[in-house]
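A.B. asks: Mind looking over this structure? Questions follow.
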């Protein structure tokens, strides 16, 4: 194992770290809460070629794999970027996977974000990630994978995490694939969503921990910084290990997928998502608590992280379903369910 | 709600508190580890009439209810008394419940402990509580409730909690009741076992917390008592509330059962057992940890508590099955199981 | 021991429920939700009309002399009903203090309209640099002429937008240990030198920052002796003894979750209540709810019987931490629909669980953080060595 | 980043596994279980024969110069196999110190037989009143004639019953800050003034209290400079850098649990692996296991590459705490059968899970308690203000 970033990887981190720090400031995040989307940020991200980062070069993409994508979206997560970047990346890769060259070319050309219904759909994709703003999304309906182009409602379903979720009809979707290959391609795309969402959550958790350290180092009570109290020190000291662990889980899963160990992806992706979800919720809730009354004031940033740690993974469903899924994959079906 | 002990209740607590403090010292507990039973302690307990405390007066018992029994066995739990007192009480009450007057008279007369197979049995009661030492025990086999008298093996199945568990055959059992009434009577006895075992665990947890407070107040490192470190203070300060809460859960459940609110007993008993089990495990493991290296030395008492917090409830089964049971009772059967 | 419910309390609870049923309309709840102001004058006056704002005051001081168990029952019912009750709580507490310590002037000018339900106070304790360390208050009150000039800033002055007075903790002496240089005042909120700046919080609840820019008040507005504010604070705390705030919230949450989950299905038509994870979580919450209720009852019982019990610290710590666990666990059970807030048409359980997740952090902070409760329990219940 | 396994390490692991397969027989394991002595001379000499006791020593000091990643792989294999390795660990550590700091005399008299596998040392750090506060050691060494007289008591002197020397931390100066008055000695365990008193622990493992009642040793047995023992300690710690003890135990536990649960049925014939609770617990342990392994690998990688990473504190804290959670959760899954210890004929998984529950507390204590790891992480990783 060598954890040294290659020059290319270091460049990806540096690029996206400074990009999101500049373009996805807390002010931008706040201003985007009602829509769940920052159009200007998306435009600049497209100008950077970020949306196509992990699409094959033959399709005009960056040719990078999942690992580079994970490094990039971790930075997006750190800065709570209000753009459906993860959905866009995995849907673009899905189009490539099913050989939908024209559709992919269209997506790359138009530059609008695309998204993906994470669960199989009958007629309406409920709470589609980015559904309030994406004109295009993929969905699995029956055993058909379809691409839907329709007008985005422009208003999210009211939610507590500042997300652009909305219900969207799939009835006029254009078929991309059918049968087992459609199901398999969709399933892989959702696994990639799990993995990259985990990467986002790692960034979020790490940023929340930094916010916590800064706050408790600065905030004084009883004449001393509250970060000098051992109970608070120990409360925060639990996290650096798990944050690194979550990052490694994500990176190894992405590396394996990039190295054709694709049979591992379903388990790896669910594990990474589960671990990162619990971690992000735990870090944000503790750090918010250590803010005392200030934690619940909207003008402090930590509540932004707290709500997204809850919301991002909830778009897929109950995390416990991921436990069941990993169990099914590792131990086979159970008598019960 | 009035939590003041009546004079009778205060007398029960006082009696058993001083009795077990005197008769079930750590030395007695240690000396009984191999057998899981202290014959002398049992004899003295019988002399006190403790085994019959909650048997009706018409049967020659003390006529006390479950609440008095709970107050008494909490003290047994506090001192880790190596006697099957809970099993004896609930089995005696079971005999009374099914109207087995002769058998109950025999039990009261002989003074030996009796026990109960907690799960329905085919031919062998696996790991019967007290099975290494009780000559008599009840079991539910098919829909028959039987009373088995046979020679106790005198040697427990080797176990990590110093318990007198052993496998016992039920084939020669004498029938006491059959059909729904047998099943119902057994089920109530097991609920009473749950409740009184929860009471034992409350005593155990409270004692462990006391040991912890005493140890960290006395043990010095870095020139100060380790109990002056905030992380340790906060680690222990989590427990007084839950200890009181567990005690109240038990007491209210017993009070309700004594006041003919018997329909509540199944849920109340499982809830009390679940809560007390998690609490006792959590207290003992934290207090043992706060002992540092001394915690794992056999000569320190806390390891005695640590192992019993694990073992006592395990005699019934996986605590998660209690979760399922409460769910079934409160929400009805699930599709799954 | 007796776990039977006291008939007097059951009857009182019935009375409270009847008032709530009449006055806590959907309109009231929607307005609270829209404005974030946890107060409704109609409900408040209905409560005042029954004399409950003086429930805690001894009879000889003109109150109803109800014990902590009855007070706890009152707060339990309003919590369970989800009623806005900050105005009631503030009023009862300040009335309790004024009943015990107020001058004739204050009883006539302040206590009377408070008890009549015509005015409410807000509480000015916390400051930017004194939260848990409340005795570090820096807002200054300086003698000028026959009165005092007050300058400073208070945080979390909830209901300042509706209150007629702030019950304000100030520093009147810099030269003594911090607990000994504090004095309380009643400050009229309509003074032009008082500024109220609204603050929205995570749960949608409104609070305020209030600024006091050289507010002049006569000495008749001082509550308690000069430099003796800590004693006044202790009287205020005595009102709360036995009434551990927030312990019933978990009951309301569990009830709402169960009512929803009984019929809820997921996208595939599966009953959520068939899911073993969902079932286990509900049972865990059910147990925590029972324990929280019992600890709350015990705190009230202990207060009624004069048994020292750390002012409900154990009940508050357990109940509010359990609420946080419950909110997270139950919200997970809803899957993606758990994202939806009250304003969404098809929000499960009307958004109650989602709201609980955003409300939970307030519970473990307001009225003393969990850390403060643990310090108290470590010191008083456990008698651990002085902290380092 | 590259997550491919290093072929050199894979090959080394194969070698280690081959030695273990040959020497770690059932007899050995049963004897370890019966005596509690975590050492086997046959296995130890086989390891010595391959030069692995000097694996960590630089080549120029006569060692194999293997990096932390190879050392970690070695310890991982012995942990996974459940091999007794305390003797190996003690030897490698003392050999590392003597290789760097030992005199010619010590290299000839001690290092040579150590590396040959003919003798092992025990470690005398902890005392009754100095555990986490190891620098508070009070065992005194006083100059007498051309040597030193050592008097004191050491706790947790594991393998004292087999060791030829104790590597002993003593106080040689009372008049300086505690870290500056320490000196290390090698003390022959066959000295009649050394007493070894056995101590049985919760998991059945044997340790000892050792007493030094005026033991006289010549100055040639001093390791490092007088009063410079803390520097010797730092060299010893450097050996451990990147090798976080106990992180593989959770892997062994998970593997054993899964192997058992694949076929296990309860009293009613139901497959335990069909129980959703059991499945969830296993998955949670599986995830923690992956994280512990990755953090362990990261610690080794960081050490190899000279990247400061708190000496594996994060890996140790996570891995050992996760082991404790796992042991409890998995043991529950066994129901009543989980009571049974190894000695019971039908103990599930040969009693492994039951033993793990009794072993878990050692892991979170030995080699620095979880609290010490958290202090370290708070200070070095997070840079939090100086603790109060």
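A.B. asks: Counting each DSSP H run of 4 or more residues in chain A as -39500 (n - 2.57), what helix-only mean residue ellipticity at 222 nm follows after dividing by all residues, to the nearest 500 deg cm²/dmol? It would help to have the intermediate numbers written out before the result.
C.D. replies: On the way: 12 runs with 187 residues, N = 337.
Rounded to the nearest 500, the figure is -18500 deg cm²/dmol.
A.B. asks: Taking the axis about which chain C rotates onto chain D, which residue of C lies nearest it as judged by Cβ position, and how many whole Å separate them?
C.D. replies: Residue plus distance in Å, as requested: C:276, 2.
A.B. asks: Right, here's the next one. Using the alpha-carbon atoms, what tilt in degrees (0 to 90, nearest 10) does helix B:265-290 show relative to the longest principal axis of chain B?
C.D. replies: Tilt relative to chain B: about 30 degrees.
A.B. asks: Measure nothing fancy, just the Cα-based angle from helix B:302-314's long axis to the longest principal axis of chain B, in degrees from 0 to 90, nearest 10.
C.D. replies: Once rounded, the angle reads 30 degrees.
A.B. asks: Turning to a different aspect of this structure: Summing -39500 (n - 2.57) over the DSSP H runs of n ≥ 4 in chain D and dividing by its residue number, what mean residue ellipticity at 222 nm do you reach, to the nearest 500 deg cm²/dmol?
C.D. replies: Numbers: 12 runs with 165 residues, N = 388.
After summing the helix terms and dividing by the residues of chain D, the value is -13500 deg cm²/dmol.
A.B. asks: Starting from one equal scatterer on each C-alpha and no solvent at all, send me the Debye-based log10 I(q)/I(0) for chain C at q = 0.08, 0.10, 0.12, 0.15 Å⁻¹, two decimals.
C.D. replies: Computed log10 I(q)/I(0) values: -0.43, -0.68, -0.98, -1.46.
A.B. asks: Would you give the gap between the C-alpha center of the range C:279-300 and the C-alpha center of the range D:214-290, rounded to a whole Å?
C.D. replies: If we compute the Cα centre of each part, the gap is 36 Å.
A.B. asks: Now for a different question. What is the fewest-to-most order of A:334, A:58 by other Cβ atoms lying within 10 Å of their Cβ? Please list the in-between numbers first.
C.D. replies: Values: A:334 18, A:58 9.
Fewest-to-most ranking of A:334, A:58: A:58, A:334.
A.B. asks: So, one more: Taking the simple approach of a point 7 Å from Cα along Cα-to-Cβ for both residue D:108 and residue B:180, what is their distance in nm?
C.D. replies: My value for the distance between the label points is 9.3 nm.
A.B. asks: For a Förster distance of 41 Å, can you work out the FRET efficiency between the beta-carbons of residue A:34 and residue C:173, rounded to the nearest 0.05?
C.D. replies: Numbers: r = 49 Å, r/R0 = 1.19.
Rounded to the nearest 0.05, the efficiency is 0.25.
A.B. asks: If you don't mind, there's one more thing I want to ask. Output the relative contact order of the range C:7-119, whole-number percent, from Cα pairs under 8 angstrom with separation of 6+ residues. Provide the component values of the computation, followed by the final result.
C.D. replies: Numbers: 116 pairs, mean separation 34.9, N = 113.
RCO, the range C:7-119: 31 percent.
A.B. asks: Need one value for B:286-293: mean number of C-beta atoms belonging to other chains within 10 Å of its residues' C-beta atoms. Provide the component values of the computation, followed by the final result.
C.D. replies: Numbers: counts 0, 0, 5, 8, 3, 3, 11, 13.
Going residue by residue through B:286-293 and averaging, the value is 5.
A.B. asks: Taking the Cα atoms of chain B, what is the range of coordinates along each of the three principal axes, in descending order and whole Å?
C.D. replies: Cα spread of chain B along its principal axes, largest to smallest: 66, 45, 44 Å.
A.B. asks: Follow-up. In which sequence would C:352, C:157 go, from the one with the fewest C-beta neighbours within 10 Å to the one with the most?
C.D. replies: By the 10 Å Cβ count, ascending: C:352, C:157.
A.B. asks: With a point put 7 Å past each Cα toward its Cβ, work out how far residue C:213 is from residue B:172 in nm, to one decimal.
C.D. replies: Once both label points are built, they end up 9.7 nm from each other.
A.B. asks: Distance from a point 7 Å along Cα→Cβ of residue D:116 to each backbone N in the range D:13-48: keep the residues under 20 Å and list them by number.
C.D. replies: From the range D:13-48, the list is D:40-48.
A.B. asks: Based only on the alpha carbon positions, what is the Kirkwood hydrodynamic radius of the range A:150-206, in angstrom? Don't jump to the answer; show the numbers that get you there.
C.D. replies: Working: mean 1/r = 0.0699 Å⁻¹.
Evaluated on the range A:150-206, it is 14.3 Å.
A.B. asks: On to the next question. Shape verdict for the protein assembly as shown, please, from the Cα gyration tensor: rounded (a/c under 1.5), prolate (a/b greater than b/c) or oblate. Show your work: numbers first, answer last.
C.D. replies: Values: a/c = 1.32, a/b = 1.12, b/c = 1.18.
Since a/c stays below 1.5, the shape of the protein assembly as shown is classed as rounded.
A.B. asks: Right, another one. Compute the helix-to-body angle for C:26-35: its Cα long axis versus the longest principal axis of chain C, expressed 0 to 90° and rounded to tens.
C.D. replies: Its long axis makes an angle of about 60 degrees.
A.B. asks: Hey, for residue D:50 with labels 7 Å out along Cα-Cβ, what do the inter-copy distances come to in nm, ordered shortest first?
C.D. replies: Its label point is 8.0 nm from the equivalent points in the other copies.
A.B. asks: Now for a separate question. log₁₀ I(q)/I(0) of the range C:196-264 at q = 0.14 Å⁻¹, via Debye over equal Cα point scatterers, no solvent, to two decimals?
C.D. replies: For the range C:196-264, the Cα-only Debye profile gives -0.84.
A.B. asks: Another question, if that's okay. Using 0.36 nm per residue of separation minus the Cα-Cα distance, give me the extension gain between residue D:180 and residue D:379 in nm, one decimal. List each step's numbers first, then the result.
C.D. replies: On the way: separation 199, 0.36 × 199 = 71.64 nm, distance 2.20 nm.
Separation in residues times 0.36 nm, less the Cα-Cα distance, equals 69.4 nm.
A.B. asks: Quick check on the range D:241-381: what does the Kirkwood estimate of hydrodynamic radius come out to from the alpha carbon pairs, in Å? Provide the component values of the computation, followed by the final result.
C.D. replies: Values: mean 1/r = 0.0632 Å⁻¹.
When all Cα pairs of the range D:241-381 are included, the Kirkwood radius is 15.8 Å.
A.B. asks: Which order results if B:316, B:274 are arranged by neighbouring Cβ count within 10 Å, fewest first?
C.D. replies: On the way: B:316 21, B:274 24.
With the sparsest Cβ surroundings first, the list reads B:316, B:274.
A.B. asks: Tell me, what is the percent relative contact order of chain D, built from C-alpha pairs under 8 Å that lie six or more residues apart?
C.D. replies: On the way: 670 pairs, mean separation 52.2, N = 388.
This gives 13 percent for chain D.
A.B. asks: Enter the mean projected area of the convex hull around the alpha-carbon atoms of the range B:184-331, in nm², rounded to one decimal. Before the final figure, lay out the partial values.
C.D. replies: Details: hull surface 38.3 nm².
Mean shadow area of the hull around the Cα atoms is 9.6 nm².
A.B. asks: How far apart, in nanometres, would the label points at residue A:8 and residue D:267 be if each is projected 7 angstrom from Cα along the Cα-to-Cβ direction?
C.D. replies: The modelled label-to-label distance comes out at 6.1 nm.
A.B. asks: In nm, what does the list of distances from residue B:101 to its counterparts in the other copies look like, shortest first, when each label sits 7 Å along Cα to Cβ?
C.D. replies: 9.6
A.B. asks: Pairs of Cα atoms under 8 Å, at least six residues apart: use those to get the relative contact order of chain A, whole percent.
C.D. replies: Working: 584 pairs, mean separation 54.5, N = 337.
That works out to 16 percent.
A.B. asks: Which distances in nm, rounded to one decimal and ordered from shortest, link the label point of residue A:259 to the equivalent label points in the other identical copies, with labels set 7 Å from Cα toward Cβ?
C.D. replies: 6.7
A.B. asks: Something else about it: If you average the C-alpha positions of the range C:8-24 and of the range D:317-338 separately, how far apart do those two centres end up, in angstrom?
C.D. replies: What the calculation gives is 48 Å, centre to centre.
A.B. asks: Using alpha carbon centroids, what distance separates the range A:223-284 and the range B:268-324, in Å?
C.D. replies: Cα centroid to Cα centroid, the span is 29 Å.
A.B. asks: Here is a follow-up. How much length is gained on full extension from residue A:214 to residue A:101, taking 0.36 nm per residue of separation minus their Cα-Cα distance? Each step should come with its number before you reach the end.
C.D. replies: Numbers: separation 113, 0.36 × 113 = 40.68 nm, distance 4.79 nm.
Extra length from residue A:214 to residue A:101 when fully extended: 35.9 nm.
Where a number appears in this text, it was derived from the coordinates with a stated rule and is not lab data. Since this is a predicted model, take the numbers as computed values, not measurements. Methodologically, a virtual Cβ is constructed for each residue, glycine included, from the backbone with ideal geometry; neighbour enumeration extends over all protein chains shown.
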